[in-house]
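All remarks here apply to the structure that follows.
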Amino acid sequence: MTRCRLVGASSGGKYISTTNAKTRPVMGCLRFASRLSALGSTQQPKFFALPLLATTRGFGHLVREVDMRGFRGDFGQLRHKNLASTQRYVTDALGAKKNVIFCGAYHTGKLTILKAIGEACEARGKKVAYVSCNPQRASRFGGFLLYHFVGLRYLFRNEIPSRDQLDGALERHARLCESTYAGCVPSLKSVDVLIFDAVDQLEPTILASMDAVCRRLRGKPNDAFGGLRVFAAADFWRLPVHPSSDTGGYIFQLDNWGELFPKQHLLKKIYGQTKALTTLVNKAYYGQLSAEDIEELEARSSAGRTESGAACGGSKKEASETSGSFSVSDDGSRQVEVEEEGAGSGLLPPQRLISNAEAIIKFTSRFPKQPSIRVLPPRFRTLKRTEIGNYIVNMMVQSSTLHSFGLVDSLNLDIGASVHLLFDGTADFGVTAGTVGEVLQVKEHALVVHFPSVHRTVDVPRMRISVYHPFYPEVRYEVQQFPLYPRHCISPINMLTYHHAYQVHIDCHQLADTNDLGNILARMRTFDDFTIERVHDFAHLDGMVHEPTRIYYQRIDNQPLSSAAEQWCRNCKSYVSTSDFYTHWDKCVRQVRWCTVCNTRIPLERLGPHQEKHQIVLCLDCGRAVEWRRWEGHRLTCSAMMREVSPENEFLPLRTRQLALEMGLDKRDLHTMKGFNRGMLPKSRKQCNGGEA
């Protein structure tokens, strides 16, 4: 039978391996999945703890284990599943007998609710699959990446195949899970309940294909997802949008979105955050910040920096207004009393926010001082089932990246560097996540860091996380890195990727994308965690609030659009009666688009050919940027090209001119151009100043 070696070269990257294969005894080949199933689903290998691998799912899943010899951080931190507020959502969702999606901003408890629902279904004997489109969130609740679950390649560049190709790939993978893969992973056909997180990062085409394939495979063509119970969560404020993004084509604008998720719930409470700050965060999301709100936000954030005594007093006052010292945690942070965490915050200088472009340069050091360590499985570990081996190895490699656990891939820390802790340590460690410290000493296997706010100097070892499949526990991929974040690399995109970035000075001129203001403020606990300036310059720019998300959230929450009699439709640039706005919006985004170049409405079916006319091309002869619709006229009148190809051009060799005339190569045939991005053109002063002349 064919034997397949497990090697780590497919993950792409350089590894520092600490595994010495020569010193380890050679163990036999891995067990077959069918062999384990014959022994019984509850029988576990003797050298693993029973609670670690015990499962009621009926199929294999990825196990992510933290080595106790390193930093004992909990990257999952879903500690509030049994709270009364969480269980109320669980009871309502299970009693609805419908597919449910929970929407909300960061730290509103979405992931905790999903995990609690999944465990409640497992307690009832259901087969539950945990799936997420985000690698960090998939690791936190012990699930799969969606691409591995449905059998697609991990799409780094949004390379979406056609609908027919998607349907075929999903059906083929479901059949492989039942036959070739021997039930080592769940599939759309084998599970009873699907816990689906980060729907906002999913392409609408993939969701539509999942629905169609489930209807065929499960034999229920009239039911959404073929009768599969789906509990989903999404943060549509985190859509990858920018000010010039389209107003249509989003996943919540699918024609059958209401059929796929009949019950849509909006979570508005940001846990662990003061109520006054939460009010301003929601106003920032919906674009409702007034001049008084902006003044209050800037004044209260800077008040704790001017007077250290006022900071402590204000922190205690706000602590009584928080959502509770221990509550549902969506970002995984441990909720402790605000007065304890903010006691010494006024003594620490805030770190200035840098732009995303500057952060990329600082974040990608060519020769980092603390590179990540990746321990690969020994080469003599082999799988007798080639198909299973290829699939599982690929899944483990892509699920064991540093980004999947919220760790920094390459650190470049030296003595005196400012850092903050990414995860909570154990009780004896005495330092909570987000605490800012200074590196005092750099060792080979530990960093000595002093945390002045808690008056502690501790040795921070590397955090060791291993990933393996319970059917093949001998094959493990391990990553090691210090659970620290360099403070000089704090930028908007890094604040949204790596958690617990507090004590930051937010300059709104460094914010770049839509909803950046609300997304960053949602990560703060109190006004003492940040200072902010130039809010007015960012909040009133066109496109800084994502209009489709705002309308969708107000609709499912039954919020009034406004008190005005008419509403402005951003898609067709017209005023619509408030009572008919939702009906108009649904039809408008499916029928027309607005062309900003022509300032006119374009039917949606003609949008592609119309946009092609506005494509900018660069004339390689005269160096001018020309619209494609005007290219034909330009190529006949380009002065530089006419001078070059003209038979009277004395700078061209005579033989060249004769050949050009004999072969009929005139100026039009030799004229060349290349594609050109409109964003590369020089901007006017009005655009650079944000609308001010």
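No value in this document is a laboratory result; all are computed from the given coordinates. Because the structure is predicted, anything quoted here is derived from the model rather than measured. Every residue, glycine as well, gets a Cβ built from its backbone with ideal geometry; the counts of neighbours run over all protein chains shown.
Place a label point 7 angstrom from the Cα of residue 534 along the Cα-to-Cβ direction, then list the residues of segment 237-262 whose backbone nitrogen is under 19 Å away.
Answer for this model: 243.
How much FRET efficiency would the formula 1/(1 + (r/R0)^6) give for residue 577 and residue 600, where r is the Cβ-Cβ distance and R0 is 25 Å, rounded to 0.05? Please report the intermediate quantities before stating the final value.
Numbers: r = 23 Å, r/R0 = 0.91.
The computed FRET efficiency comes out at 0.65.
Just flag the GluC sites (Glu not before Pro) in segment 355-459 sitting in loop per DSSP whose Cβ has no more than 10 other Cβ atoms within 10 Å.
Working: sites: 358, 387, 438, 444; in loops: 444.
Here the GluC sites (Glu not before Pro) that fit, given the DSSP loop and packing criteria, are 444.
Pop a pseudo-label 7 angstrom from the Cα along the beta-carbon direction at both residue 509 and residue 79 and give the gap in nm to one decimal.
4.1 nm
List every residue whose amide H lies under 5 Å from the amide H of residue 273, counting only residues 5 or more places away in sequence or on a different chain, with H placed 1.01 Å from N in the peptide plane.
The list, which skips near neighbours in sequence, is 323.
Could you run the Karplus curve 6.51 cos²θ - 1.76 cosθ + 1.60 with θ = phi - 60° over segment 111-118 and give me ³J(HN,Hα) per residue in whole Hz, x for Gly and Pro?
Here the 3J(HN,Hα) series is 5, 5, 5, 4, 5, 5, 5, x Hz.
Could you check the simple spin-label distance between residue 175 and residue 356, using points 7 Å along Cα→Cβ, in nm with one decimal?
Inter-label distance under the simple model: 4.2 nm.
Roughly how many debye, to the nearest 20, is the charge dipole of segment 84-267 about its Cα centre, given +1 on each Lys and Arg Cβ, -1 on each Asp and Glu Cβ, and no other charges?
Details: 23 positive and 18 negative charges, 110 e Å.
In debye, rounded to 20, segment 84-267 gives about 520.
Distance check, please: which entries in 97/127; 81/127; 97/263; 97/220; 110/587 exceed 21 angstrom between their Cα atoms?
Pairs exceeding 21 Å: 110/587.
Can you tell me the equivalent ellipsoid semi-axes for segment 560-607? Use √(5λ) from the Cα gyration tensor, largest first, whole Å.
On the way: eigenvalues 99, 28, 7 Å².
In descending order, the three semi-axes are 22, 12, 6 Å.
Taking 7 Å along the Cα-to-C-beta vector as the label spot, tell me the residue 622-residue 164 distance in nanometres, rounded to one decimal.
A separation of 4.5 nm, rounded to one decimal place.
Show log10 I(q)/I(0) for segment 84-267 at q = 0.15, 0.18 Å⁻¹, two decimals, from a solvent-free Debye sum over equal Cα scatterers.
Scattering profile of segment 84-267, log10 relative to I(0): -0.88, -1.32.
List the residues whose amide H sits under 5 Å from the amide H of residue 463, counting only those 5 or more places along or on another chain, with H placed 1.01 Å from N in the peptide plane.
71, 481, 482
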